[in-house]
Ligand SMILES: [Zn+2]
């Protein structure tokens with residue numbers, strides 16, 4: 001016997017064998033029993049779920065020499081010919097390739113002749129939605145008043161593309177996706193027919209891949225059976241089809257959670273080396289994360305999860321919040337859709353994996369937006385805490401004092417944290433400090449010299465200041481304030497010098513510049529929302545490897561920062 005693909009071999013030959021379409025089957029059977037035979041049927045539903053098979057079964061039922069009967073004999077000439085596809089009275093037309101008005105005209109001419117050897121002349125038009133509008137119009141007349149012996153059976157995957165005028169003249173049947181249990185049942189029987197052993201989880205995998213389509217399931221089954229050497233297992237499938245194993249995906253997700261983007265991207269590279277391609281990897285990730293999400297929702301049904309409960313990494317699932325899983329699933333689904341327009345799907349995938357290493361900060365748009373507004377409020381109110389543990393900031397911004405001198409000053413101060421915030425390193429001379437006071441004397445002197453707007457900015461635009469070695473460093477709250485003061489720098493320096501009785505240098509900078517160096521996380525979030533210039537860390541200002549997620553931090557980090565009770569800014573100096 002010649003080799004036959006499983007989908008053909010297992011094509012249902014009677015209504016009982018039609019799996020998963022119980023409603024359609026019972027309605028058709030009853031109609032035939034009661035002799036209520038319509039002149040046009042419209043079968044709609046997803047691909048590979050039995051529409052064409054049902055059309056042929058219906059043709060058999062109507063034309064069986066022992067019929068019309070809900071149980072065609074399968075042995076008479078008509079049944080045999082329909083099974084072989086050689087019945088002269090059952091005409092199958094592919095709507096996709098015969099979609100013009102000419103094809104329909106040919107049908108119209110043909111229907112004038114009665115069937116040659118059967119009860120009915122049956123036209124099965126597959127993919128009927130592909131017909132052109134004029135073809136539909138030409139068809140309409142024939143469906144409205146067909147000769148008694150003519151029956152049309154239309155099949156379509158896209159019912160919404162079939163004009164309402166056609167639909168309303170047909171008896172409609174909607175076919176459903178086939179459940180994984182039913183598909184697995186059929187695959188088991190197919191494996192038995194071929195004397196092949198098949199692990200259940202391997203068959204579930206096939207069913208899941210085929211997404212409810214029986215035909216796709218059989219096709220994939222044939223492919224898998226071909227390399228499985230008599231025993232189909234999930235391991236063989238993964239190996240031969242280059243699929244990422246659940247373990248490999250878990251490993252990458254673990255790296256992502258702990259913020260190890262380097263390791264995560266390297267583990268991804270391993271998958272490529274083992275022969276997986278971008279599409280498969282993205283699909284496997286999406287499917288695995290979906291399973292994690294479903295499990296998190298409390299779902300335990302194996303056919304929904306697609307995995308044995310015992311195979312799931314419960315600790316990993318408990319690490320990720322529902323928000324995170326949803327964000328990740330969406331990211332992979334979006335990526336799958338976008339990949340075909342990408343110059344390099346692999347780059348896109350690496351980028352996504354790398355981004356997932358920030359997952360704890362990407363948890364959900366709502367929570368990020370909340371965090372951002374907290375940060376913004378902190379910036380506005382001027383309460384901003386310096387991340388001391390990991391970030392070391394220079395003595396002041398734009399300072400002219402050479403580093404060596406700065407070190408000298410450090411020695412004089414509380415130097416438990418050298419090179420940290422200025423107030424711990426700088427103690428202005430008592431006298432000068434008194435003279436500067438809270439800068440009120442300076443602003444008064446400026447007013448007296450006619451610099452009243454500059455004086456205003458000194459009164460209200462200074463966030464903090466330091467005075468050391470005859471350098472007054474002002475940290476302004478806004479760029480505008482900085483510009484206003486800088487514009488009159490020379491005059492202010494002269495006034496300042498005469499006020500203090502010594503040559504004094506003025507340095508001005510804006511607080512925002514400072515802020516950038518405080519927290520890599522904050523900068524990441526800002527650049528993520530693209531509301532600031534790109535994130536940039538200068539080596540001399542930050543002396544640690546800038547890794548946005550650190551083990552010693554948690555998501556609560558921002559809340560702690562907002563409370564800002566620790567110093568680290570310049571305020572205590574004033
Ligand atoms: Zn028959």
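Below is a table of values for the structure above.
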{"item": "Exposure proxy order (Cβ contacts within 10 Å, fewest to most) of 488, 195, 452", "result": "195, 452, 488"}
{"item": "Estimated distance in nm for a label pair at residue 438 and residue 227, the labels positioned 7 Å out from Cα along Cα-to-Cβ", "result": "7.7 nm"}
{"item": "Cα gyration tensor shape for the range 39-124, rounded if a/c is under 1.5, else prolate or oblate", "result": "oblate"}
{"item": "Contour excess over end-to-end distance, with Cα ends at residue 297 and residue 185 and 0.36 nm allotted per residue", "result": "37.6 nm"}
{"item": "Cα→Cβ-extended label distance, 7 Å offset, between residue 8 and residue 262, nm", "result": "5.7 nm"}
{"item": "Length added when fully stretched, residue 347-residue 36, from 0.36 nm per residue minus Cα-Cα", "result": "106.0 nm"}
{"item": "Packing-based order for 256-265, 468-477, using average beta carbon neighbours within 10 Å, highest first", "result": "468-477, 256-265"}
{"item": "For the range 19-78 and the range 272-328, distance of Cα centres in Å", "result": "41 Å"}
{"item": "Sequence of 136, 23, 15 once ranked by neighbouring C-beta atoms within 10 Å, starting from the fewest", "result": "23, 136, 15"}
{"item": "Cα-based convex hull, the range 6-174, per residue volume (Å³, whole number)", "result": "107 Å³"}
{"item": "Residues of the range 103-119 with amide N under 14 Å of a point placed 7 Å along Cα→Cβ from residue 88", "result": "113-119"}
{"item": "Global form of the range 435-491, assessed from the alpha-carbon gyration tensor, a/c cut-off 1.5", "result": "rounded"}
{"item": "Whole-Å semi-axes of the range 180-240's equivalent ellipsoid (Cα gyration tensor)", "result": "16, 13, 10"}
{"item": "Length released on extending from residue 323 to residue 380, taking residue separation times 0.36 nm less the Cα-Cα span", "result": "17.6 nm"}
{"item": "By average C-beta atoms within 10 angstrom, highest first, the peptides 168-178, 41-51", "result": "41-51, 168-178"}
{"item": "Span per principal axis, largest first, for the Cα atoms of the range 246-361 (Å)", "result": "39, 27, 25"}
{"item": "Centre separation in Å (Cα based) which lies between the range 433-477 and the range 147-181", "result": "83 Å"}
{"item": "Residue 65-residue 469 pseudo-label distance in nm [points 7 Å out on the Cα-to-Cβ vector]", "result": "11.3 nm"}
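None of the figures in this text is laboratory data; all of them are computed from the coordinates on show. Quick caveat, the model's predicted, so the values are computed rather than measured. Here Cβ is always computed from backbone atoms with ideal geometry, including for glycine, and neighbour counts include all displayed protein chains.
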